[in-house]
Every structure is written in C-alpha cells, then in structure tokens.
Amino acid sequence: MFVLAAGVIDPPTAGGRPVRWAATGRWGGSSVGPYTSLNLAGYVGDGEPSVLANRSRVTGWAGASRLAVMDAVHGADVADVDEAGVVAGVDGLVTQASDLALVALGADCVPVALVGSDGRTIAAVHCGWRGLVADVVGAAARRMAALGTSVTHAVLGGSVCGRCYPVPPARSDEVRAACSADVTRAAIVTCADGQPGIDVGRGVGARLVELGVPREAIHVAAGCTVEDAGLFSYRRDGLTGRQGIAIARMAS
Ligand SMILES: [Zn+2]
C-alpha cells in the first residue's frame, strides 16, 4: 500500500461529519508502462481494468466506497453530484453526499479539495493556468455558497512550480489581466533565464485566501510534479498518467 499524503478534517460545526482526504502520486497502483503505476485518468490511453483498480484503491484511502471523478476541460463549470461516475466537461464537483469520494486529477495542474463550514459540503477542483484565468476556484466557492456554506479548509495536491513552468509573456499577461494583484503576485514568478513562469498552486492558495479561507487551513500535500519523480508530470514526460486528490465525507 502507498498513499502520498492523507488526513482527516474534523467537522467545523456540530452535527457535521469528519472529512477524509488522500493525495496520490504515481506509486502504489496497477498500471504499467508510462502509466506506472497509480494512474487515475481514463483519457490518457491506459487500460480500463488498471484505471478502475487504481480508482478503487484511492476511494478506499479516502474512506469511501464510491467515487466521482472529472474529465476536466480547463474551464470553470462546476457540477453537483450525488452518484458515482465520470463527469465530463467540468472542472469542479460539489457534493453533500456521504461515502462518495470526489476526485480531481492532474499531472502539473493543481488538484484541489475544499471543505465547507457546514461539515456537510465538499468539493474537488482541477485548476491549471486556464483555470486561474477562468477562476474555477471562485466558481466552486460560489457553488458552495449557493448551498449555504463557505470554504473553511483546502488541500492542494502536487503541481508544477513556477521555476519549472516558464511561459511566453503573453500567457503571464493573460493571468495578470484576469486575476487580482494578490493572485498575480503569488502566481507569476521569474525563471532563471528571465522568462516569466506560472506557479498555479501558489495562485490557487492566494485565491483561496481572498475567498476567506484562513492561510493555516490551506494544506499543500505534495511538491513540484516536474522535480519529484514520485509524481506524474505531463510537462516532464508527455505520455503519462494522472495523480489526484480524493475527498469524502465519512459515512459515520
Ligand atoms: Zn519545479
């Protein structure tokens, strides 16, 4: 058995249930070849039996028996779910169901888990640089607000750091134009050669603070995908798998 990092967040309100999360890397699964071994994505060319076995393992690590996962599209649409399955075309999932693990995937982009103040609502979000521009994290927080709760805790899985993600100036300009000064300051770095780089994880952290999440309640569960051989990185390897973060409200 192998899990990169996991934890339990106690309910912030009486009557809530504890929430369990698990951040995964590339080890501990059944996939082979470029997907070795805990690939969770069904859209990267890996065999379905391996992917399903891996998802089942991660569901258990999150303390649940059912799983809902996104095939994300770098947008800002968020779906409410209360059943297991693959949800295509969205970058955020929200649920109030118990025993249902929500999973966000990435291999350089940031998988994010959010916990609501009601001890009942949870969300999983996929955010890359386009997600920062589209404010998918804000969209998930708004959806949670519509359900009557605010974000009190967040856990971020591994993602590419700014030094390892140099971008053309036009791309950092797009982030600067779309995001607040605080998010821009956190997300845009200068790489060794003077080129701008985007650190999406830091940008997501700054956005969460803007949304009212206490800094000490934002947990970064893994490091840079490019630098850590224990994580999948599309940027480093091209054809590869996807790790993720799973979050579930415990049944009892
Ligand atoms: Zn790095």
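Any read-out appearing in this document is the output of simple, stated calculations on the displayed coordinates, not a laboratory observation. On a predicted model such as this, the values are computed, not experimentally measured, just so you know. For neighbour counting, all protein chains shown are included, and Cβ atoms are generated from backbone atoms with ideal geometry for every residue, glycine included.
Among I198, I188, I247, the ranking by other beta carbons within 10 Å of each residue's beta carbon, starting with the fewest, stands as I188, I198, I247.
Were the residues from A88 through A170 laid out at 0.36 nm apart, the gain over their Cα-Cα distance would be 26.6 nm.
I'd like the FRET efficiency for A181 and D237, computed as 1/(1 + (r/R0)^6) with the beta carbon distance as r and R0 of 41 Å, rounded to 0.05. List each step's numbers first, then the result.
Values: r = 35 Å, r/R0 = 0.84.
For R0 = 41 Å, the calculated efficiency reads 0.75.
Rg and Dmax of region 34-91, both derived from C-alpha coordinates alone, stand at 12.0, 33 Å. Where q = 0.10, 0.15, 0.19 Å⁻¹, what log10 of I(q)/I(0) comes from the Debye formula for region 131-252, counting one point per Cα? Rounded to two decimals, the profile gives -0.34, -0.76, -1.14.
Quick check on region 29-134: take the gyration tensor over C-alpha atoms, sort the square-rooted eigenvalues as a ≥ b ≥ c, and tell me if it's rounded (a/c under 1.5), prolate or oblate. Kindly include the intermediate steps, with their values, before the conclusion.
Numbers: a/c = 2.02, a/b = 1.22, b/c = 1.66.
Here region 29-134 falls in the oblate category.
Relative to one another, the C-alpha centroids of region 10-67 and region 167-184 are positioned 32 Å apart. Taking only the C-alpha atoms of the chain, the Rg (one decimal) and the largest Cα-Cα distance, Dmax (whole number), read 16.7, 53 Å. Mind giving me the FRET efficiency for D193 and D10? R0 is 51 Å, r the Cβ-Cβ distance, nearest 0.05 is fine. My answer for the efficiency is 0.65.
The modelled label-to-label distance for the pair H74/Y43, using points 7 Å beyond Cα in the direction of Cβ, is 1.1 nm. Per-residue ellipticity at 222 nm, computed for the chain from helices alone with -39500 (n - 2.57) per DSSP H run of at least four residues, works out to -7000 deg cm²/dmol. Looking at the chain, the DSSP beta bridges with both ends there are about 70 percent antiparallel. Cysteine residues of the chain whose C-beta has no other cysteine C-beta under 4.7 angstrom: C109, C127, C164, C179, C191. Which shape class, rounded, prolate or oblate, goes with region 82-186 when its Cα gyration tensor gives a ≥ b ≥ c as root eigenvalues, a/c under 1.5 marks rounded, and past that a/b bigger than b/c marks prolate? Judged from the Cα gyration tensor, region 82-186 comes out prolate (a/c at least 1.5, a/b above b/c). The fewest-to-most ranking of Y234, Y35 by surrounding Cβ atoms within 10 Å reads Y234, Y35.
Electrostatic bookkeeping for A248 treats Lys and Arg as +1 and Asp and Glu as -1; over the other residues with beta carbon under 11 Å from its beta carbon, the sum is +3.
Below 8 Å, C-alpha to C-alpha, sequence gap of six or more: please give me the relative contact order for the chain in percent. Write out the running numbers ahead of the final one.
Values: 697 pairs, mean separation 62.9, N = 252.
25 percent.
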